[in-house]
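Participant: The structure under discussion is supplied below as structure tokens; questions concerning it will follow.
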Amino acid sequence: MKIIVKTSRLIISKATLKDAPFFLEIMNSPNWIKYIGDRNVKTVKEAETYLEKGIIKSYHERGYGFYKVALKSNPSATIGICGLIKREELEIPDLGFAMLPLYEGIGYGYESSVSVLEEAKKKFGITKVGAITLQSNLNSIKLLEKLGFSFEKRIKLFDDDQELLFFVKELL
């Protein structure tokens, strides 16, 4: 396990192909489907492909990506993801996070995001980060505001024509 950072309650580490069953689970959880969207990942093999072509590829190309989040008290159980993605459609990397339903609303998204943002600045020299969310995702909006992000504009990034809120934070 390639640990990126430890917090008071969490271990944040790089994902590997062995994490495919977890990614299958989280990507099919109700809030992922509702707020992030159905990525059509319905088997462990499809989750492996998703990891290879997205998250693991990002580690190789950029040095960062989405990381898995586990509890220090039970490091073998992954509870969520948090990290940065650099989309071609955006000029700056954006922060993303998701927790399994059992672990939502307990502060793990905030705790992991703070650490990921610190690493982004310290390790990768990133000075500005974005974040996108649906207007209906009030919990994510609250979390982004708590993290110090400011609403900048409404954007349409994807083919689904869905309007997203775009937030920005300077990493000082």
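The values are calculated or read from the model by the stated rules, or taken from the named source; none is laboratory data. These numbers come from a predicted model, not from an experiment. Glycine also receives a Cβ, built like all others from the backbone with ideal geometry; neighbour counts cover every protein chain displayed. Accessible surface areas use protein heavy atoms only, side chains included; no ligands, DNA or RNA. Shrake-Rupley method; radii C 1.70, N 1.55, O 1.52, S 1.80 Å.
Participant: Hey, among N31, N74, which residue is under 15 Å from the mean Cα position of the chain (by Cα), of a type outside the set (K, R) and farther than 28 Å from I126 by Cα?
Facilitator: Testing whether each residue is under 15 Å from the mean Cα position of the chain (by Cα), of a type outside the set (K, R) and farther than 28 Å from I126 by Cα leaves just N31.
Participant: Pairs please, first residue from the stretch 34-48 and modelled with pLDDT of 95 or more, second anywhere and in a loop (DSSP other than H, G, I, E, B) and of a type in the set (V, I, T), Cβ atoms under 7 Å, 6+ apart in sequence or on different chains.
Facilitator: Final answer for the pair search is A47/V41.
Participant: Now for a different question. Go through (1) more than 15 Å from the chain's Cα centre (by Cα); (2) within 17 Å of Y64 (Cα to Cα) for D38 and report which single condition fails.
Facilitator: Just one mismatch for D38, condition (2).
Participant: Please find, within the stretch 49-70, the residue that is surrounded by the most Cβ atoms within 10 Å (Cβ to Cβ) out of those that are touching a residue at least 40 places away in the same chain (Cβ under 8 Å) and among the hydrophobic types (A, V, I, L, M, F, W, C).
Facilitator: That would be V69.
Participant: Among the strands (runs of 3 or more DSSP E) contained in the stretch 71-172, which hold 3 or more residues that are in contact (Cβ under 8 Å) with a residue 12 or more places away in the chain and open to solvent by 20 Å² or more (accessible area, probe 1.4 Å)?
Facilitator: Per the criteria, 74-85, 150-155.
Participant: Something else now. Among the residues of the stretch 22-37, count how many are part of a helix (DSSP H, G or I) and open to solvent by 50 Å² or more (accessible area, probe 1.4 Å).
Facilitator: Number of matching residues: 7.
Participant: I'd like to check something: does the stretch 7-21 contain any residue that is over 20 Å from V114 (Cα atoms) and not in a helix (DSSP H, G or I)?
Facilitator: Yes; the residues of the stretch 7-21 include at least one that is over 20 Å from V114 (Cα atoms) and not in a helix (DSSP H, G or I).
Participant: Oh, and also: Among the residues of the stretch 41-57, is any closer than 22 Å to I106 by Cα and of a type in the set (A, V, I, L, M)?
Facilitator: no
Participant: Working only within the stretch 38-70, note down all residues that are under 25 Å from L117 (Cβ atoms), among the hydrophobic types (A, V, I, L, M, F, W, C) and assigned to a helix (DSSP H, G or I).
Facilitator: Correct list: L51, I55, I56.
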